[in-house]
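The values are calculated or read from the model by the stated rules, or taken from the named source; none is laboratory data. Values in this document were obtained by computation on a predicted structure and should not be read as measured data. Here the Cβ positions follow ideal geometry from the backbone for every residue, glycine too, while neighbour counts run over all protein chains shown. Heavy atoms of the whole protein, side chains included, go into the accessibility calculation; ligands, DNA and RNA do not. Shrake-Rupley method; radii C 1.70, N 1.55, O 1.52, S 1.80 Å.
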Amino acid sequence: MIDRNAQADALIGELQRQGAGRLTIFLGMAPGVGKTYMMLSRARELKRRGIDVVTGIAETHGRTETQALLEGLEILPRRRIDYRSSNGSVHALEEFDLDAMLARKPAVALVDELAHRNVPGSRHERRWQDVIELLDAGIDVYTTINIQHLESLNDVVFRITGVRVSETVPDVVFDRLRDIVLVDLPPRELIERLHQGKVYVPEQAAQALQAFFSPSNLSALRELSMQTAADRVDVDLREAQAARGLPGVSLRRQVMVAIDGRGQSEYLVRVARRIAERRDAPWTVVTVQSVSTPAEHIQQELDRAFALARRLGGETAVLHGPSIVEALLDHAGRLGTSTIVIGRTRERPFARMFNRTLTQQLLQRGAHYELTIISTPEARARARRVIREVGVKLTGTDVGLSFVAAAAAAGVGWLLERYAGLEDLSMVFIVAVVVVAARTRMTAAVIAATLCFLAYNFFFIAPRFTFYIGARQGVATVFLFLIAALVAGRLAAKLRAQVIALRASNAHATALQTLGRQLASAADIGQVVEAGRVALQRSIDGDALLHLGDDPLPQEGAFAVSNMDRAAADWARKHRLPAGRFTDTLAHADWWFLPLVIDGKAEGVIGLRLPEHVSRLEPEVRRLAEAMAADIAEAVARTQMVTDLEDARVTGETERLRSALLSSVSHDLRTPLASIIGAAGSLESYAGSMNAEDRSALLDTIRMEGERLDRYIQNLLDMTRLGHGGLTLNRDWIGVDELIGSAVGRLQRYQPEARFKLNIADGLKPLWVHPALVEQALFNVIENAAKFSPPGESVEIEARDTDDGLLRIDVRDRGPGIPEEERKRIFDMFFSVERGDRGRQGTGLGLAITQGMIGAHGGSVEALPGPGGHGTTIRITLPRMEPMPVHT
């Protein structure tokens, strides 16, 4: 069965690689096998085929045959960087010029020695980062590397050669491969080249032969390089099969490795990377913290391991909880993990007394997981060293508190025995142990329990003032006391760890929840930016800036940044990776920048500036900032989507109104104009042959159609004034009967056949309104009702005061009525329905103008069903207002 998800992932990967540059790596087992020679030979072949090839940097190491291959190739001048050494002297060093290569932008760039460490002051710390930037710019890259520089093989190479390589390249760079060229040379030939001085000078060659270049080492490294090349070919084959939808592609299963920062974390990360690579599976590195702040050396190791995992392409997470097993299994369940990788469990003091080891608990509770236990040759010695160094975690304050607690318990016990007559004082000492455990670590609680045990025995168990115990009951008492004190201390320490872990998790969740509430209430991009900036600044206890768009960061103001900071921000936005302080890219910048990634595109950056005395970024701060950045990015995307939808709605509404207006104008202007032109033409051509009655009829047609055209134009002008707020109310007193009678009489001049039934309550007081506007509004409603009333049916007009002091005018017709779902829409401009109160001959403006005019007076207009469900009732409600008194 074909895995459609794997096929989709492979196709997406191929599309992404098509847009970026292609990487070709010349891999060798050791220096001197001919990697640079092979790379330059391939480059000359490309040059002969007319491909634009530029040499960015090529290290020939004085070898004449390699130097000869550079002839005819374009060589980019190197960049000169002034480097200040520790003694203050300044040296001019040469380095690969990344910016010049980006500006030149050839088809293929030659960049030798991928694992090289750049001169301080360069944009990137390592050359492989320069190569990644070239690939992202769409430039193909040829480069070289020895197998010992691959990060995940660092420990393997160390075991083979005894040499720890410091300049390494993360395996994630190999994921960008297009081709891998294995440059192979038998170990005996390489050793012969060393003897001939073709690799190192004679003194260095002799030393190398005694150490790194021994035949056994070279054979092992050769096998390792062949295996790595074969693995990469296998990965490429699987991806190609997946992209074509072929069966046989292995399913991706999650690998999770747990580390504790106690000596083998980086080794476990590298092993997990190799396991995940063989299985083509994603992988995650986690640690569980049950206390607020681990010891400094533990935290430093965890930071290094997490940084290594990110370089190797893995994810990282810090879990919180009092139980390591529960935290690991819960997280594994959420990830869908199939394999859990842990180091060999070390036996801790009193572990067997209280619970089983981590391995035993995982074996029992994680039955459906594959548990991989990793050990190292140094693990046993390291475990013994850790046990010996247990006391390192203790501070003088912890030990002092243990002694003070034991002394205080002895003093309180003496007072209670002498003045209160208490004989069993064991609980006093247990309380002291619990107090120490609640305020410090478990080790300090064990010391306090031991001291309290000795003090209780020395001062309160007969014979007193000696550690000898005379009675059997006394022996049982003191040893049961010791056990109880240890148990109570452990429970108190565990409770303290739970509280601290919950406090840390709560602080993290509270910060995100507060940010979520603020972002949810943000109505536009500006409010999202300000809410995100304030929340970040409050959470990290430093300065924060949030910049959207591609414009450079400000050079002035409260958040002015330097040129290096702007370069770091631009790099972070361009490559969608963190840059600046606390990173390997432009690490000398003052700000740490995170990209705001929305739908795979960086729409801006977040900058964080911590105080100068902060030497490293705490993992909690990093995770919180990254989580906040993700929430802010989602809020920006949501706000942009709302804005785009609103713009689309307004555009659609505008287009609808424009189309309706053009349709209305084309009909309602041309129809009366056609009648006027026709009548005028008839008079012009046949006036002499017509009688007086025919001429009068044509003149009446011209007059009526002209008045109809005038009413339409007046409606358009009224609607324009309403839309722009230019409608001015000139209020005056007018009687209700006069208002209704004027509108009815005006309509009957145009439609003499229209019939009306008036029901005006007696004693209605005059209205303080703009008479012409209210009459026009009432006229529009009456005209609309008369238009759709059946022949011979009267339009009913009823006016009366309501109980709450309002004037209500109801206009009822006996027409087909308006469907309930369309009654509110009839007040929209240009809305017309054939079956309702508007036919195709209507402009769709009358009721919209009526609503605007009545609304300007503080009233309302609504459509209701007619009596008995027949026809429609348009109800106009007007407030009764009084003129403002004039003070003289």
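Does any residue in region 736-762 that is closer than 17 Å to Arg812 by Cα and open to solvent by 40 Å² or more (accessible area, probe 1.4 Å) come within less than 7 Å, Cβ to Cβ, of a residue that is of a type in the set (Asp, Glu) and modelled with pLDDT of 85 or more six or more places away or on a different chain, and which pairs are these?
Pairs that qualify, where the first residue is closer than 17 Å to Arg812 by Cα and open to solvent by 40 Å² or more (accessible area, probe 1.4 Å) and the partner is of a type in the set (Asp, Glu) and modelled with pLDDT of 85 or more, are Lys757/Glu796; Asn759/Glu796; Asn759/Glu798; Ile760/Asp737.
Do any residues in region 529-548 that are farther than 14 Å from Val605 by Cβ and open to solvent by 20 Å² or more (accessible area, probe 1.4 Å) have Cβ atoms under 6 Å from those of residues that are among the small types (Gly, Ala, Ser) and modelled with pLDDT under 85, where the two are at least six apart or on different chains, and which pairs are they?
Ser539/Ala511
Can you name the condition, by its number, that Ile782 falls short on among (1) in contact with a helix residue (DSSP H, G or I) (Cβ under 6 Å, 6 or more places away or on another chain); (2) touching a residue at least 60 places away in the same chain (Cβ under 8 Å)?
(2)
If the Cβ limit is 7 Å and pairs must be 6+ apart or interchain, which residue in region 576-604 that is closer than 11 Å to Ala633 by Cβ and in contact (Cβ under 8 Å) with a residue 60 or more places away in the chain pairs with which residue that is of a type in the set (Asp, Glu) and open to solvent by 50 Å² or more (accessible area, probe 1.4 Å)?
So the pair list comes out empty.
Output the residues belonging to region 84-110 that are β-branched (Val, Ile, Thr) and either surrounded by 21 or more Cβ atoms within 10 Å (Cβ to Cβ) or at pLDDT below 90 (or both).
Hit for region 84-110 is Val90, nothing else.
For region 1-34, which residues satisfy the criterion of being open to solvent by 20 Å² or more (accessible area, probe 1.4 Å) and either at pLDDT 90 or above or not in a helix (DSSP H, G or I) (or both)?
Residues satisfying the conditions are Met1, Ile2, Asp3, Ala20, Arg22, Pro31, Gly34.
Tell me which of these Ala206 doesn't satisfy, since it passes every other one: (1) within 15 Å of Lys35 (Cβ to Cβ); (2) modelled with pLDDT under 80.
(1)
Test of understanding: among Glu612, Glu646, which residue is modelled with pLDDT under 85, over 20 Å from the mean Cα position of the chain (by Cα) and within 22 Å of Gln518 (Cα to Cα)?
Result: Glu646 is the single residue among Glu612, Glu646 that is modelled with pLDDT under 85, over 20 Å from the mean Cα position of the chain (by Cα) and within 22 Å of Gln518 (Cα to Cα).
Residues checked against (1) within 17 Å of Val433 (Cα to Cα); (2) at pLDDT 65 or above:
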position: Ile447; (1), (2): yes, yes
position: Ala455; (1), (2): yes, yes
position: Ile461; (1), (2): no, yes
position: Phe467; (1), (2): no, yes
position: Gln473; (1), (2): no, no
position: Ala488; (1), (2): yes, yes
position: Ala492; (1), (2): yes, yes
position: Leu495; (1), (2): yes, yes
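Cβ-Cβ below 7 Å, separation at least six or inter-chain, first residue in region 690-702 and surrounded by 11 or more Cβ atoms within 10 Å (Cβ to Cβ), second hydroxyl-bearing (Ser, Thr, Tyr): which pairs?
Note: pairs meeting the criteria are Leu698/Ser682; Thr701/Ser675.
How do the pairs read when you match residues in region 149-178 that are closer than 12 Å to Leu308 by Cα with residues anywhere that are among the small types (Gly, Ala, Ser) and in a helix (DSSP H, G or I), using Cβ under 7 Å and keeping only pairs 6 or more apart or on different chains?
Asp171/Ser152
Quick check on my filter: what residues within region 572-589 are surrounded by fewer than 20 Cβ atoms within 10 Å (Cβ to Cβ), under 15 Å from Val561 (Cα atoms) and touching an Asp or Glu at 6+ places or on another chain (Cβ under 9 Å)?
Ala587 - this is the single residue of region 572-589 that is surrounded by fewer than 20 Cβ atoms within 10 Å (Cβ to Cβ), under 15 Å from Val561 (Cα atoms) and touching an Asp or Glu at 6+ places or on another chain (Cβ under 9 Å).
Which of the residues spanning region 29-78 are touching a residue at least 40 places away in the same chain (Cβ under 8 Å) and farther than 30 Å from Leu221 by Cα?
Matches in region 29-78: Leu46, Ile51, Asp52, Val53, Val54.
How many residues are of a type in the set (S, T, N, Q) and at pLDDT below 70 if we restrict to region 660-684?
Total satisfying the criteria: 4.
Within region 503-524, which residues are open to solvent by 50 Å² or more (accessible area, probe 1.4 Å), of a type outside the set (Lys, Arg) and closer than 23 Å to Glu646 by Cα?
Selection gives Gln518, Ala520, Ser521, Ala523, Asp524.
Across region 834-879, what is the total count of residues that are in a loop (DSSP other than H, G, I, E, B), surrounded by 15 or more Cβ atoms within 10 Å (Cβ to Cβ) and at pLDDT 80 or above?
The qualifying residues number 4.
Mind checking which pairs have a first residue in region 420-438 that is hydroxyl-bearing (Ser, Thr, Tyr) and a second that is open to solvent by less than 20 Å² (accessible area, probe 1.4 Å) and in a helix (DSSP H, G or I), Cβ under 7 Å, 6 or more apart or different chains?
As it stands, the answer is Ser426/Tyr456; Ser426/Phe481, since those pairs meet every condition given.
Within region 111-129, identify whether any single residue is among the hydroxyl-bearing types (Ser, Thr, Tyr), open to solvent by 10 Å² or more (accessible area, probe 1.4 Å) and closer than 14 Å to Ile57 by Cα, and answer yes or no.
To start, the set of residues in region 111-129 that are among the hydroxyl-bearing types (Ser, Thr, Tyr) comprises 122.
Add one more test, that the residue is open to solvent by 10 Å² or more (accessible area, probe 1.4 Å), and what stays is 122.
Among the residues that remain, those that are also closer than 14 Å to Ile57 by Cα are: none.
Checked region 111-129: no residue is among the hydroxyl-bearing types (Ser, Thr, Tyr), open to solvent by 10 Å² or more (accessible area, probe 1.4 Å) and closer than 14 Å to Ile57 by Cα.
Which residue pairs have Cβ atoms closer than 6 Å, lie 6 or more positions apart in sequence or on different chains, and pair a first residue in region 612-633 that is under 18 Å from Leu545 (Cβ atoms) with a second residue that is of a type in the set (Phe, Trp, Tyr) and open to solvent by 10 Å² or more (accessible area, probe 1.4 Å)?
Short answer, once both residue conditions are applied: Leu617/Phe582.
So which of Thr55, Thr64 ends up being open to solvent by less than 20 Å² (accessible area, probe 1.4 Å) and hydroxyl-bearing (Ser, Thr, Tyr)? Outline the logic, then answer.
Numbers: Thr64 fails: open to solvent by less than 20 Å² (accessible area, probe 1.4 Å).
Just a single option satisfies the conditions, and that option is Thr55.
Exactly one of (1) open to solvent by 30 Å² or more (accessible area, probe 1.4 Å); (2) at pLDDT 85 or above; (3) closer than 27 Å to Gly815 by Cα; (4) in a helix (DSSP H, G or I) is unmet by Arg708. Its number?
With (1) open to solvent by 30 Å² or more (accessible area, probe 1.4 Å); (2) at pLDDT 85 or above; (3) closer than 27 Å to Gly815 by Cα; (4) in a helix (DSSP H, G or I) applied to Arg708, the lone miss is (2).
Give region 688-697 a look and list any residue that's in a helix (DSSP H, G or I), closer than 25 Å to Tyr750 by Cα and not polar (S, T, N, Q), or say none.
Ala692, Glu693, Asp694, Arg695, Ala697
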